[in-house]
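Just dropping this structure here.
What follows is calculated from the coordinates using simple rules that are stated; it is not laboratory data. The structure displayed is predicted, hence computed values, not measured ones. No Cβ is skipped: glycine too gets one built from the backbone with ideal geometry, and neighbour counts run over all protein chains shown.
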Amino acid sequence: MTKRVAIYARYSTDNQSETSCADQIRYCTDEASKKTDWVIVQTYQDDQISGASFAGRPGIQALLRDMTSRKFDIILCEHTDRLSRRTHDLTGLYDKCNFLGIELWGCNQGKLDTITTALHGAMSQVHLEETARKVHRGMKPKAAKGLHMGGRSYGYTPLMQQTRSIDDKGRLAIEPNEAAVILRIFQEYADGKKPRAIAAGLNKDRIPAPRGGKWNASTINGQKSRGIGIIRNELYIGRYCWNKLKFKKDLDTNKRLSLFRESAEHVVVDVPEYRIIPDELWNKVQAIQRESGTTHMSHQRTPPRLLSQLLKCPACSGGMSSYGVEKKTGKIRVGCSTHKESRSCPDPRTFYVEWIEQTVVATLKKGLAEPGVVERAMRAYEDERRRSAAKTIKEKEAAEKRIADLTRKIARLNQMLIDEIGDEQENSKAVKEAAAEKRELEEKLEILKQETPDNVVKLQPPALRRYLTAVDDLRGAIERRTLAGDLGPAMVIREFIEAVYVHGEKDGRPKWVEIKGRLARLFDQSAQAHDLPKEAHTGSSWGKGGSGGGI
């Protein structure tokens, strides 16, 4: 009886020959040809991928899928360590092959059984772990001599590229152009320039970032706990620190994770020839870092306001964020977030947030006072409620259908786990993901059931009066400067506003706001600066403010 054979080949790193897989397949083909009843039906391979896990290996994953479909009767490889260097993976593969009636063969080992599979798997795993220990042990004395054991560090190039001498392996040479960029960053930071502004300047000058692409604030700031980032890299003052991190691979994803080591495990050595930054400049920058506090500005929470996350820049359609409190007036200015982050907005402007709030509230108040607005508002509100009810029905039906699909999927995957069909880890992961999605949909469905389609509330004059009361409350809060942090009355009208575009003075026209959303369709007008109290006109629409959190 003819037996169908699948060949698998793998090699780990780019230090090995690119023909390694082809050589393995050729060797396996020669061995298979010695068996008169063997016919090769498929080959699988993974190039430059570690055998530490099945995850992230398209070749082995394809083999596992086809194995479940019984597309072959024999799996043949040069050696079992080509399949995996983990005991768990190799013995699990053998168990599945045994269940499906598929034989597992190694050219150098013959047909595998339970004992030989477990033995070879254990030996491969021990070899993998021992190799890692020996490599790490061999790196430590070299690092103690100041030899660079990590990847490329911005500002330096391997000296061996210049000298072509093996004696210079692990030694670095300062790269003049990059060193000048590093010095520029430190000097600008010491002069009070913020990382965002520094990054914007480097991007404007078309200076590539360490990994190519654009500079950003995090590249410069880095992470204090790990000592990474341009302004935290001690190599720039001639101090090399090795063994700060240790790396482990997630067996489910095959991704490398970095973990911080205890300081006692670090190897620190002085290498004055690598110095780029003088001590005085370094100490000044580190002092500024310490004074800036432990909580980064981007993580500080700004109190919400009436129009939080609703303000838009008309020039680029980006959001608007706080530029801080103006010292002269004590008022908060807001401006284009796109300009703040990357200086790419074509027409950046800043405005007092109180002026914007007053303008929007005055517009809403004036609009609802006009004849016919109440009637149109009632019709529009009822139409919107009907549309919302129809949308709720569709969402409810979609959720119920998806829950039913997920229930069947979970039952099917559980049966596959019981029958030991397919990859156990992948099936278990799929069950967990499907169960989590099902729980979320069930919670969503309960909420949708409460929003009954018949609950279409008509907007009556009392409701409008409450709306107008909320508008008056907002106006008073703005005038008292007590609105921030209290969104009670604001929530009444926020649901009717999609976005507010703030326009600056142009061609003799005063600054104005444009309300997008349901209310804009009702009012058919824009709010002008001359509609507001005289005190709302202060300040220039071209002014600049300091840094601050988002509005």
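On a 30 Å Cα-Cα criterion, which of the cross-link pairs K169/K194; K142/K224; K96/K432; K71/K429; K194/K328; K204/K284 come out too long?
From K169/K194; K142/K224; K96/K432; K71/K429; K194/K328; K204/K284, over 30 Å: K169/K194.
Hey, got the dipole for region 156-291? About the Cα centre, +1 on K and R Cβ, -1 on D and E Cβ, debye to the nearest 20?
The calculated dipole for region 156-291 is roughly 620 debye.
How would you order 33-39, 277-283, 104-110 from highest to lowest mean count of nearby Cβ atoms within 10 Å?
104-110, 277-283, 33-39
Output the peptides 42-49, 414-421, 431-438 sorted from most to least packed, where packing is the average of other Cβ atoms within 10 Å over each peptide's residues.
Result, highest mean first: 42-49, 431-438, 414-421.
Moving to a separate point now. Using the number of other C-beta atoms within 10 angstrom as an exposure proxy, rank I237, I356 with the fewest first.
Taking fewest neighbouring Cβ atoms as first place, the list is I237, I356.
Moving on. Would you mind pulling out the separation of the Cα centroids of region 412-446 and region 39-57, in Å?
About 26 Å separates the Cα centre of region 412-446 from the one of region 39-57.
Moving to a separate point now. State to the nearest 20 debye the size of the charge dipole of region 383-450 about its Cα centre, where the only charges are +1 on K and R beta carbons and -1 on D and E beta carbons.
Computed charge dipole of region 383-450: roughly 560 debye.
Still on this structure, please answer the following. Rounding to the nearest 20 debye, state how big the charge dipole of region 3-136 is about its Cα centre with +1 on each Lys and Arg Cβ and -1 on each Asp and Glu Cβ.
Dipole size: approximately 280 debye.
Which of the peptides 311-319, 185-193 is most tightly packed, and how do the rest follow, going by the mean number of other Cβ atoms within 10 Å of each residue?
311-319, 185-193
Listing S53, S20, S165 from the residue with the fewest other Cβ atoms within 10 Å to the one with the most, what is the order?
By the 10 Å Cβ count, ascending: S165, S20, S53.
Quick one: length gained pulling Q161 to K140 fully straight, 0.36 nm per residue minus the C-alpha distance?
So the extension gain works out to 5.3 nm.
So, one more: Could you please state, rounded to a whole Å, how far the C-alpha centre of region 164-238 is from the C-alpha centre of region 80-122?
49
Would you pull out the residues with amide H under 5 Å of E103's amide H, same chain only if 5 or more places away, H placed 1.01 Å from N?
When sequence neighbours closer than 5 places are left aside, the close amide H contacts are I74, I75.
Using modelled backbone amide H atoms (1.01 Å from N, in-plane), which distant-in-sequence or interchain residues come within less than 5 Å of R10's amide H?
Amide H to amide H, under 5 Å and 5 or more residues apart or across chains, R10 pairs with D46.
What FRET efficiency, computed as 1/(1 + (r/R0)^6) with R0 = 22 Å and r the Cβ-Cβ distance, is obtained for R412 and L445, rounded to the nearest 0.05?
The pair R412/L445 has a calculated efficiency of 0.50.
Among I410, A436, I447, whose Cα sits farthest toward the positive end of the charge dipole of region 383-450 (+1 at Cβ of Lys/Arg, -1 at Cβ of Asp/Glu, about the Cα centre)?
After comparing all options, I get I447.
Can you list residues whose amide H is under 5 Å from L311's amide H, if they're 5+ apart or on another chain and H is modeled 1.01 Å from N?
M320, V500
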